Amino acid sequence: MSAAVEQSEASGVRSVQRAMDILSLLTEDRPVVTIRDIVEGTGLAKTTVIRLVQTLERTGLLWATTGGYLAGPALWRWAHLARSSWEMPPELTRAMRDLSARHRETVNLYGARDLTRICLAQQESPQPLRHVVRIGDELPLWGGASAKVLLRDADEKRLRRIVRTAPDGAEHLPTLQAWIAEAADRGYAVSHGEREAGLSAVAVPIEGRSGGIVAALTLSGPTVRFGESEVASFARDLVDVGRQLSERGFDHPLGA
């Protein structure tokens, strides 16, 4: 491959990354962004931002308004495709709803992607004091009950990359490995304040047809409600539900 071709490919990848950085500035709290917001949020030159925004607008990924730019109609089409492709099986929806009703804690479904875990689905606790994350939120994999079960089959190279993002850095590797081994041995994982003080969780794996882990099913809430007896009860129920869902068989976390 010639140097010119390599340079062209590198430039193309960089442009795609910059475009994604712009789109990622759009959130529920900030559904509209201005050119100034984008310049400040990405650190790119104003001329570069304008050029990228014009391209995103032409492709329907952004929509211009008098107040700035919001998500374009093309994203709606992709969102509809993603929703239909990743629709949660009805039995998983029922299982999460029933778990939350029985234990009155928040139930989450997490999937792993590289160095993070992503919230794929949630059934909120009915209690005023509860743990809630947004669907689509990305959380670290160096701690937390769901991380311990999601990383069961991870090799050391990946674990070393993950612990670089941990507060203790590389020194956290033996601890993470011990957590993963304990979770694999027990069939479930428990965490108390590892990622966030005062937050506890119990998690079990959901396996796919090949036996690999496709998701983690968790119960989480304030540590004051996760005493030894409560955790034992949560774990028994989660293990049973997780086994039933694993027997059903999944190709990916939400697909049939």
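The values are calculated or read from the model by the stated rules, or taken from the named source; none is laboratory data. Worth saying up front: this structure is predicted, and the values here are computed from it rather than measured. Note that each Cβ is placed from the backbone with ideal geometry, even for glycine, and that neighbours are counted across all protein chains shown. Surface accessibility is based on the protein's heavy atoms, side chains included, excluding ligands, DNA and RNA. Shrake-Rupley method; radii C 1.70, N 1.55, O 1.52, S 1.80 Å.
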> Of everything in segment 144-188 that's in a loop (DSSP other than H, G, I, E, B) and either within 17 Å of Ala235 (Cα to Cα) or among the aromatic types (Phe, Trp, Tyr) (or both), which residue is nearest to the chain's Cα centre (by Cα)?
Replying inline: Gly144
>> For segment 209-256, give me each residue that is modelled with pLDDT under 95, open to solvent by 10 Å² or more (accessible area, probe 1.4 Å), within 17 Å of Arg152 (Cα to Cα) and in contact with a strand residue (DSSP E or B) (Cβ under 9 Å, 6 or more places away or on another chain).
In response: Ile213, Val214, Arg243, Ser246, His252, Pro253
> Are there any helices (runs of 4 or more DSSP H) wholly within segment 8-112 with 1 or more residues that are open to solvent by less than 70 Å² (accessible area, probe 1.4 Å), in contact (Cβ under 8 Å) with a residue 40 or more places away in the chain and under 30 Å from Val241 (Cα atoms), and if so which?
Replying inline: 73-85, 90-103
